[in-house]
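Structure first, commentary second.
Derivation of every value follows stated rules applied to the coordinates shown; laboratory data play no part. These numbers were taken from a predicted model, which means no experiment stands behind them. A quick note on method: Cβ atoms are made from the backbone with ideal geometry, for glycine too, and the neighbour counts reach across all protein chains shown.
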Amino acid sequence: MTARLSFIPLLLLGTLLVAIAAHCSSRPSHESRASVHGGVGSVAWADEFGGPRGSPPNPRKWTLETGYGWGDRELQSYTRRPANASLDGRGHLAITARRERYTGPDGHTANYTSARINSRARFEFAYGRVEARIRVPHGRGLLPAFWALGTNLDTAGWPRAGEIDFVEVYGNDPSTVYGTLHGPRRGHEDYALEATRRTGDSLANDFHVYGASWSPGKIVFRLDGVPYAVRTRRDLPAGSRWSFEHPFFLLFTLAVGPRWLGPPDAATPWPATMLVDWVRVRLGRATFCPVVRAQKLRPRCPRKPRARATAGWESTR
């Protein structure tokens, strides 16, 4: 009887330990969320932006670009400073636009600063499901964006290389998502094949998942995992070329005052921050990645197109 009584506390203790272990395992760490989302094998590449506050985005995954103006005559100077792009210590990348006078290495003086990062020569890919969880800022003149450019940009130029805007949100209209495809059109600078989605609330109030499913001949734009527009070759204006059958690289930007959006006004809040919680590229039947610098991710993504990739595979995924 004594032996049986002493066994009962041990049994209860063991049950408690098993329950605690199960509870802990059911709450994935920040680092493991990519594997939980869609299965370990489905993620070709990801960044969860873990690291100390003030540290730069992972240099094995991202390059910080600098300069003033860019193609849309923007008003900011992009910098490499932590004040404009750094981790916040809570698992986010903070891209921050500031109203300040700044002269960059190119000699141009701007009244605003911000940041532009890209994955070029670190991660380049064609096809798959591309998503990022972002909280956008609001305010007239602000343009947060998650997008991609063709890796043949230096040889083909823009717009022949192609541009996929997974999301743009106009700061003066933060209740609308804009997705856009840019490519060449005979007799025009480019075409802009747009997709829009109105929401009931301001997107600046919370994080949302923006992205697209990209397959041969088709791009499906998504908001919080739900498709809201499908664009294919058949949707192109006459004289246009579908420029989305080769590898692209990713970009995050927070632009200030592009010519078609207009400058900030007195009500625009400063500093303005775009917070990126994570970014992921999930494999599909056609996905290939000719460049993956992060060694642990290289085996997950084929370096060449698969011989029998099926067009349109993402239509229901």
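Sorted by packing (mean other beta-carbon atoms within 10 Å per residue), highest first, where do 273-282, 82-91 land?
Numbers: 273-282: 23.1, 82-91: 18.2.
Averaged packing, sorted descending, gives the order 273-282, 82-91.
Amide H to amide H, which residues 5 or more places from residue 163 or on other chains are under 5 Å from it, using H placed in the peptide plane? Sorted by chain and number, the residues that satisfy this are 182. Checking the cross-link filter: which aspartates and glutamates have an alpha carbon closer than 14 Å to that of residue 61, excluding same-chain neighbours under 8 positions apart? Within the straight-line cut-off, residue 61 pairs with 47, 48, 124. What percent do you get for the relative contact order of segment 47-310 when only Cα pairs under 8 Å and 6+ apart count? Value for segment 47-310: 26 percent. For residue 296, no aspartates and glutamates have a Cα closer than 12 Å to its Cα, not counting residues fewer than 8 places off in the same chain. Taking 0.36 nm per residue of sequence separation and removing the Cα-Cα distance, the residue 196/residue 303 pair yields an extension gain of 35.2 nm.
In sequence order, segment 283-298 has phi-based couplings of 5, x, 5, 9, 4, 8, 9, x, 10, 9, 6, 5, 4, 5, 9, 4 Hz under the Karplus curve 6.51 cos²θ - 1.76 cosθ + 1.60, θ = phi - 60°, and Gly or Pro positions carry x.
Within a straight-line Cα-Cα reach of under 26 Å, residue 218 can be paired with the following lysines, leaving aside sequence neighbours fewer than 8 residues apart in one chain: 304. Database remark: amide H of residue 255 closer than 5 angstrom to the amide H of 143, 145 (H placed geometrically; neighbours at sequence offset of 5 or more, or on other chains; Pro and chain starts carry no H).
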